[in-house]
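A short write-up of the structure that comes next.
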């Protein structure tokens, strides 16, 4: 499936059971939205990742070994663990 970015370009995508997790480039991405989201096989947005601060964007992500969560990092210096099924933050810490 070809992934069409919402605003910028796709930096990374990971196929999971619920669809595909997409990380778009934070450069020029609207700060009011989340640049990390999951799309279904039909191309519909399943969820947009919760952000630890309203104006931050995600810069990196990796799938954790448990297969149910992923680690993410923001431009504001947060490390977050997100639920793959909902995009909700399970835990967060400041790494500044």
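The values are calculated or read from the model by the stated rules, or taken from the named source; none is laboratory data. Keep in mind that this is a model prediction, so the values were computed, not measured. Every residue, glycine as well, gets a Cβ built from its backbone with ideal geometry; the counts of neighbours run over all protein chains shown.
So the values come out like this:
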item: Qualifying residue in region 3-12 (condition: part of a strand (DSSP E or B) and either surrounded by fewer than 17 Cβ atoms within 10 Å (Cβ to Cβ) or under 9 Å from the mean Cα position of the chain (by Cα) (or both)); result: yes
item: Which listed residue, of 74, 69, is more than 23 Å from residue 17 (Cα to Cα) and in contact (Cβ under 8 Å) with a residue 12 or more places away in the chain; result: 74
item: Pick from region 41-51, criterion buried (at least 18 other Cβ atoms within 10 Å of the Cβ) and in a loop (DSSP other than H, G, I, E, B), ranking: nearest to the chain's Cα centre (by Cα); result: 49
item: Residues (in a loop (DSSP other than H, G, I, E, B), at pLDDT 90 or above and buried (at least 18 other Cβ atoms within 10 Å of the Cβ)) located in region 57-87; result: 57, 87
